[in-house]
Amino acid sequence: MGAKASAAALLAGLAVLAGGLQLAGYDAVAALGALWNGAFGSWYAFTSATLVRSVPLIIIGLGIALAFRGGAFNIGAEGQFYAGAIAATWIGLQVSGLPAPVAIAALLLAAGLAGAGWVALPVVLKRRFGVLEVISTLLLNFVAESLVSLMVQGPLQESQHIYPQSDPIADAARLPLLPGTRLHAGIVLALAGAGALFVLFNYTWWGFRLRAVGAGPRAAEISGRIDAGGMTAAALLLSGTIAGVAGGVEVSGVSYALYQNLSPGYGFTAIAVALLARLDPRGVVVTGILFGALEAGAGAMQRDAGVPAVAVYVVEAVVIVVVLLVDAYRRRGPLPAGRPAERAG
Amino acid sequence: MTTPALELRGIQKRFGPVHALRGADFTLMPGELHALLGENGAGKTTLMHVAYGLTRPDGGEIRVGGAHVALPSPRAARRVGIGMVHQHFTSVSALSVAENVALAAGWPVDPKALRERVRALSERIGLPLDPGASAGSLTVGLKQRLEIVKALATETRILLLDEPTAVLAPGETDDLLRVVRSFTARGGAAVLITHKLDEALAAADRVTVLRRGEVVFAGAIAGQTAASLSAAMIGDAGAVTPTVLGAAPRAGPHDGPVLVHLSGIDILREGGAGLAVRQASLAVPAGEIVGVAAVEGNGQRELLRAVAGRLQPLAGRLEVAGPVGFIAEDRTTEGLIPDFSLTENIVLGATGQDPWIRRRRIDWRAARDYTSHLLTEFGIVSPGPDAPAAALSGGNQQKLVAARELARSPRVVVAEDPTRGLDIRAAGEIHQRLRAAATGGAAVLVHSSDLDEVLALADRVVVMSRGVLIEVPPGATRGAIGELMVTGGR
């Protein structure tokens, strides 16, 4: 039922893209063909283009699903991702003598802590003063981007002090690759994370209470005797941690260095990923791969069909709007005055 | 013969699989107050929503003053002189009384003129209101008053009232019914949906009874009794004792150990400044039902929530034995999560000690079995333990809350308005459960906005008035208690 609506949303998005391209004078068939080839055309395209982009989307998407399920609207994953990337780079530059597992663990741990630290301010502001996390987390994204800029032109700038980027991290801190591709071990982390979150939501007492707070905060407090505010804060902190880890994985598995625009908006696209998956961790894996494919195919579309890559954001936007509309319709029902109490007699 | 003010003929309405109205007929004459009765889910509200243009019928016709009309919207209904007071308040809290009236009536918002106009209107109707007050700051009684003023602001000749007295104290109910009577005396016609049969018997001229979407009785109120009306409402399903109307007192000594002990309790007002409860002291022994009689907003809510462990008192001593079962006032936002399944809603009440939670993991199969068992034991009508709570009728939702809170044999039970909006049968079942809990050795503290319910249920009555708890001497009359509620004995 949810999957059907999500599939319809994706088809609607692709249809709008195709229609728009045709109207704008492009060859829509060629463009979509290039998109497909860039994403799924070969084993190399699938692993090294699509899945490499899917990894951050899945990991961040899981974090966003966790926050939304717990009633917290974390719009700041982009910033938390960058905070994680900064910390990961810093650790990655220090660990050259260590064994790889230790170095990677240290890097990811630092990235997670940095992500949590980045969301800690919104958590405190919300708990103390009731500041909406939607606004505070969103605004901190811009701060994080500026901080990256500062870092790569200051303390973390490469040793020649010419380019706005960091030195490459130590070999020990790099995630292993699948032979013959650019796909790194982060995909394992993403899949394991989805499994863990699925169990958390569906089988654990804590995960159930988290969902209760998101679905009915008053009832959770009054009938479930749950500290709803504390639960929401925990959800935000965990969500930030996960987004931070995604930043670490990106540095350790893909870029090996910090630079500006490390993320092509992963933190925002992951919101669409989580929503389209209806906040179900299993769905996040599927939608994460789909959106990874869109991002991967966008480059091919620009190269082979001359269509600007940003056109694929139309698909993302349409998907979000359609999913929200379907949700609103479900919530309200087709009847303006239908009340549950009177519907079932 | 006079033309009916409003005629509904053969109204059909389906909501998905539920056939809410099966060819219902309804005739409202000018100058009459017409009671519309029926169990929860019988179709009363749906029928009135059809007459007010909120729900489009699948079949049937509507006549106003003899003329065939289509009512696609409430705006169309207001244009032909129909006004409605809904079960739930529909005022905008952030706006003033005058602005709310203007919003409903479509009047221009010229602040000064508007205030005068609204003041004059509310005084003419006989329900004075301060036009400048913000709607959110009004007490429940005054909010209800605002709803009625809004409904009568335009040239209303037909007034539909959906359970307007559910939230009112006895005195306020009398005021409201007086206003409705004076409206009908001037030629208006009014429909009153209520669950309180004595109210219908005392105030109405005629009565229509709905059962499962069909009219089973329509006629003059004269000659009817509470027993005959409740028989019509419930049908052959069996003679259920109408406990709401006064049941036999529960026998038995109440000299068990004291399970609830309060002394000198002060409690802050929920979400506001000032004290809601001042220096309250109370002891409830095992096996006793203590009824708290109070008009909305006199501190009873805070008192009950403190006993239930949901509010921290500011000062004083509070000793309550555990576990506590708590039936919260608002079942759809506080008692249940409508989007969650019945099983999940049962799990919501878990404390971590339950057999279906093992090492912090939930055994859903065991929880589901337990829920199925509760559904049977408490006679909850539902599509099954996996259905969302939103799919249940109000009465069954409340029974689900009661099942969750009472099934684990709590030593203390706190119930806030546990039968609000329920029909006689469902209310009777809730009463039975509360009595059984007390008989089983629990200390029960219950508040109801309906004084008769407090009197019917309680072994002992206390009054909360302006935050002060007053013990009522045994043998006090209903009138004396009503006076204590309003004056606080001063």
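The values are calculated or read from the model by the stated rules, or taken from the named source; none is laboratory data. From a predicted model like this one, the values you see are computed outputs, not experimental measurements. Don't worry about glycine lacking a Cβ; one is built from the backbone with ideal geometry, like all the others, and counts go over all protein chains shown.
How many residues are more than 9 Å from chain A (Cβ to nearest Cβ) and either farther than 15 Å from residue B:371 by Cα or hydrophobic (A, V, I, L, M, F, W, C) (or both) when one looks only at the stretch B:333-358? Walk me through how you get there before you give the answer.
Pass one, the stretch B:333-358, residues more than 9 Å from chain A (Cβ to nearest Cβ): B:341-343, B:346, B:353-356, B:358.
Imposing the further condition that a residue be either farther than 15 Å from residue B:371 by Cα or hydrophobic (A, V, I, L, M, F, W, C) (or both) reduces the set to B:342, B:346, B:353, B:356, B:358.
The number of residues fulfilling the criteria is 5.
Based on what the data block shows, is residue B:289 touching a helix residue (DSSP H, G or I) at 6+ places or on another chain (Cβ under 9 Å), within 14 Å of chain A (Cβ to nearest Cβ) and modelled with pLDDT of 90 or more? Working first, answer last.
Working: touching a helix residue (DSSP H, G or I) at 6+ places or on another chain (Cβ under 9 Å): yes; within 14 Å of chain A (Cβ to nearest Cβ): no; modelled with pLDDT of 90 or more: yes.
In short, no.
Helices (runs of 4 or more DSSP H) wholly in the stretch B:317-435 with at least 2 residues that are of a type in the set (D, E, K, R) and surrounded by fewer than 24 Cβ atoms within 10 Å (Cβ to Cβ) - which ones? Walk me through how you get there before you give the answer.
On the way: elements: B:342-348, B:364-377, B:394-406.
So the answer is B:364-377.
If a residue has to be assigned to a helix (DSSP H, G or I) and surrounded by fewer than 19 Cβ atoms within 10 Å (Cβ to Cβ) to count, how many in the stretch B:116-140 make the cut? I'd like the intermediate steps shown before the answer.
Kept after step one, since they are assigned to a helix (DSSP H, G or I), are these residues of the stretch B:116-140: B:116-125, B:135-137, B:140.
Next, from what is left, pick out any that are surrounded by fewer than 19 Cβ atoms within 10 Å (Cβ to Cβ): B:116, B:119-120, B:123-125, B:136-137, B:140.
Here the count works out to 9.
Yes/no matrix, rows are residues, columns are (1) more than 14 Å from chain B (Cβ to nearest Cβ); (2) buried (at least 24 other Cβ atoms within 10 Å of the Cβ); (3) in a loop (DSSP other than H, G, I, E, B):
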{"residue": "A:202", "(1), (2), (3)": "no, no, no"}
{"residue": "A:210", "(1), (2), (3)": "no, yes, no"}
{"residue": "A:213", "(1), (2), (3)": "no, yes, no"}
{"residue": "A:230", "(1), (2), (3)": "yes, no, no"}
{"residue": "A:236", "(1), (2), (3)": "yes, yes, no"}
{"residue": "A:242", "(1), (2), (3)": "yes, yes, no"}
{"residue": "A:257", "(1), (2), (3)": "yes, no, yes"}
{"residue": "A:294", "(1), (2), (3)": "yes, yes, no"}
{"residue": "A:303", "(1), (2), (3)": "yes, no, no"}
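State the number of residues belonging to the stretch B:315-332 that are within 14 Å of chain A (Cβ to nearest Cβ), charged (D, E, K, R) and touching a strand residue (DSSP E or B) at 6+ places or on another chain (Cβ under 7 Å).
1
Is it fair to say residue A:77 is crowded, with 18+ Cβ neighbours inside 10 Å, within 18 Å of the chain's Cα centre (by Cα) and at pLDDT 95 or above? Walk me through it before giving the result.
On the way: crowded, with 18+ Cβ neighbours inside 10 Å: yes; within 18 Å of the chain's Cα centre (by Cα): yes; at pLDDT 95 or above: yes.
Yes: the conditions hold for residue A:77.
So residue A:332 passes all but one of these: (1) modelled with pLDDT of 90 or more; (2) surrounded by fewer than 21 Cβ atoms within 10 Å (Cβ to Cβ); (3) charged (D, E, K, R). Which condition number does it fail?
(1)
Report yes if residue A:36 is in a helix (DSSP H, G or I), within 20 Å of residue A:174 (Cα to Cα) and in contact (Cβ under 8 Å) with a residue 60 or more places away in the chain, otherwise no. Explain how you work it out, then say what you get.
Details: in a helix (DSSP H, G or I): yes; within 20 Å of residue A:174 (Cα to Cα): no; in contact (Cβ under 8 Å) with a residue 60 or more places away in the chain: yes.
For residue A:36, the condition - in a helix (DSSP H, G or I), within 20 Å of residue A:174 (Cα to Cα) and in contact (Cβ under 8 Å) with a residue 60 or more places away in the chain - is not met.
What number of residues within the stretch A:101-129 satisfy the criterion of being among the β-branched types (Val, Ile, Thr) and over 16 Å from residue A:185 (Cβ atoms)? Spell out the reasoning first.
If we filter the stretch A:101-129 for residues that are among the β-branched types (Val, Ile, Thr), which is where we start, we get A:102, A:104, A:119, A:123-124.
With over 16 Å from residue A:185 (Cβ atoms) added as a condition, the list becomes A:119, A:123-124.
Matching residues across the stretch A:101-129 total 3.
Among the strands (runs of 3 or more DSSP E) contained in the stretch B:1-83, which hold 3 or more residues that are touching a His at 6+ places or on another chain (Cβ under 9 Å), farther than 25 Å from residue B:396 by Cβ and away from chain A (no Cβ under 12 Å)?
B:18-28
Can you tell me which residue is farthest from the other protein chains (Cβ to nearest Cβ) among those in the stretch A:215-228 that are assigned to a helix (DSSP H, G or I) and among the hydrophobic types (A, V, I, L, M, F, W, C)?
The first filter runs over the stretch A:215-228 and keeps only residues assigned to a helix (DSSP H, G or I), leaving A:215, A:217-222, A:228.
After this cut, where a residue has to be among the hydrophobic types (A, V, I, L, M, F, W, C) as well, the list is A:215, A:219-220, A:222, A:228.
On the way: A:215: 5, A:219: 5, A:220: 7, A:222: 4, A:228: 12 Å.
Taking the candidates together, the pick is A:228.
Filter the stretch B:386-404 for residues that are within 8 Å of chain A (Cβ to nearest Cβ) and under 15 Å from residue B:431 (Cβ atoms) and give the result.
B:401, the sole residue that qualifies.
Condition first: more than 17 Å from residue B:222 (Cα to Cα), surrounded by fewer than 17 Cβ atoms within 10 Å (Cβ to Cβ) and of a type in the set (A, V, I, L, M, F, W, C). Now tell me which residues in the stretch B:180-209 satisfy that.
Matches in the stretch B:180-209: B:185 only.
Among the numbered conditions (1) of a type outside the set (A, V, I, L, M, F, W, C); (2) within 23 Å of residue B:391 (Cβ to Cβ); (3) in contact (Cβ under 8 Å) with a residue 24 or more places away in the chain, tell me where residue B:52 comes up short.
(2)
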